[in-house]
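I have placed the structure first, in the form of structure tokens, so that the comments after it can refer back to it.
The values are calculated or read from the model by the stated rules, or taken from the named source; none is laboratory data. This structure is a prediction, so every number in the text was calculated from the model and none was measured. Neighbour counts run over all protein chains shown; Cβ positions are idealised from the backbone, glycine included. SASA here: full protein model, heavy atoms, side chains in, ligands and nucleic acids out. Shrake-Rupley method; radii C 1.70, N 1.55, O 1.52, S 1.80 Å.
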Amino acid sequence: MTYSETLEKEILKKISVAENQDSLEKIRIAELGKKGKISLLMKDLSKLSPEDRKEQGSKLNILKKNISEAISLKKIELANIELEKQLLEEKIDVTLPVQVNQSKYGKIHPVSQVLDEISEIFGSLGYKISEGPDIETEHYNFNALNIPESHPARQMHDTFYLNNDNTKEKYVLRTHTSPVQVRTMEKGKPPFKFISPGRTYRCDSDQTHTPMFHQIEGLVVDEKTHLGHLKWTLETFFKSFFELDNIEIQLRPSYFPFTEPSLEVDVLCDRSGPVLKIGEGSDWLEVAGAGMVHPKVLRSSNIDPSKYQGFAFGLGVDRLAQLKYGIPDLRTFFNGDIRWLSHYGFSFLDLPTLSRGLKK
Ligand code: DAH
């Protein structure tokens with residue numbers, strides 16, 4: 001068999017009616033593949049006289065080129081048709097209301113929700129987020145924060161020490177998020193303005209303590225920041241978090257080795273009824289620890305305390321979640337009980353935003 005126009009027309013016809021990419025590929029193999037029709041014709045050229053071989057050879061080369069081109073064009077055409085079909089099938093009407101069958105989906109844990117809320121509020125005040133490791137060295141967890149080995153504050157931390165037999169550096173599960181202050185300051189240059197959310201650990205368990213809990217650390221360091229800024233920041237934060245304008249806070253002198261002066265922050269509340277009410281009554285509820293960053297902490301972070309100063313604060317996230325959403329027992333937070341989560345959890349569509357309001 002040799003080249004003929006009929007043969008070319010026949011193949012082109014087959015290509016033009018191919019229904020999908022698979023059948024097109026079969027045609028390609030049957031015509032152009034190693035054992036395909038055109039390849040066999042090429043092989044037969046050796047049986048021809050030199051003149052015929054020349055003529056047939058060039059005709060077959062043109063045929064091969066034409067067929068390849070026709071296949072490539074058809075491939076693009078079929079791909080476009082298939083894409084159109086897929087787009088039509090997967091069309092979504094975005095004007096339809098969202099239908100969420102809550103029982104079918106997981107819920108957002110109140111701790112995650114409150115962490116998002118707090119980050120949203122501080123984000124709007126210009127704070128960045130900086131994180132540190134859960135397994136921390138004694139240096140960052142204690143020493144760099146002015147809590148040397150013999151310091152009584154170490155006892156108060158009920159620390160989980162890791163197996164430190166063969167290590168020069170001693171490791172602990174961090175007892176607070178304050179080590180992130182030093183870790184972050186060491187890595188950068190002032191001014192600093194960030195929060196550090198995360199898990200913290202202490203060997204303690206009762207109705208108001210769990211061995212793992214969450215804190216958010218806050219730090220602002222520059223040349224001018226003072227105690228008045230701290231008070232405004234915390235007041236603004238609590239008003240926004242509890243979505244109440246009548247929040248009143250009180251700063252009480254306290255002691256933390258890494259701040260000087262140190263303060264405990266209370267919010268006004270009413271404990272006379274069955275539920276605790278924030279912003280009313282005449283009782284005070286402790287909600288945060290805070291203070292002006294101790295010069296020794298700045299020095300541990302290679303920052304000159306004669307030039308820079310700032311404030312720090314630490315918030316108990318789980319406690320804030322309990323207060324805001326009326327969850328009585330802290331231990332239930334981490335039991336992994338799906339019934340608890342479906343009661344206290346949040347829909348994944350309830351993204352906390354300041355513009356829409358933080359509450360569900
Ligand atoms: N790290 C303290 C704790 O866990 C909380 C704290 C108090 C953090 C005062 C601060 C602060 O940044 O200034 O008990």
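At a glance:
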quantity: Rel. contact order, % - alpha carbon contacts under 8 angstrom, at least six apart, the chain; calculated: 16 percent
quantity: GluC sites (Glu not before Pro) within the range 1-81: DSSP coil, no more than 14 neighbouring Cβ in 10 Å; calculated: GLU19
quantity: Rounded if a/c under 1.5, otherwise prolate or oblate - the range 1-154, Cα gyration tensor axes; calculated: prolate
quantity: Cα pair distances of the range 108-347 binned at 10 Å [whole percent]; calculated: 7, 31, 37, 20, 5, 0
quantity: Ellipsoid equivalent to the range 222-360 - semi-axes via the Cα gyration tensor, in Å; calculated: 32, 18, 16
quantity: Listed pairs LYS128/LYS239; LYS26/LYS65; LYS189/LYS224; LYS128/LYS277; LYS9/LYS37 exceeding 24 Å between Cα atoms; calculated: LYS128/LYS277
quantity: Neighbour-limited loop hits for trypsin sites (Lys or Arg not before Pro), the range 1-36 (at most 14 other Cβ within 10 Å; DSSP other than H, G, I, E, B); calculated: LYS34, LYS35
quantity: The range 3-89, relative contact order in percent, only Cα pairs under 8 angstrom and at least six apart counted; calculated: 36 percent
quantity: The range 221-265: chymotrypsin sites (Phe, Trp or Tyr not before Pro) falling in loop per DSSP and having at most 13 other Cβ within 10 Å; calculated: TYR255
quantity: For the range 320-334 and the range 227-293, distance of Cα centres in Å; calculated: 18 Å
quantity: Sorted largest first, extent of the range 3-89 alpha carbons per principal axis (Å); calculated: 58, 20, 16
quantity: Kyte-Doolittle at least -1.0, axis length at least 24 Å by Cα - qualifying DSSP helices, the chain; calculated: 50-89
quantity: Accessible area of the chain belonging to carbon and sulfur atoms, whole % at 1.4 Å probe; calculated: 54 percent
quantity: Point-to-point label distance, ASP283-LYS65, nm (Cα→Cβ direction, 7 Å offset); calculated: 9.2 nm
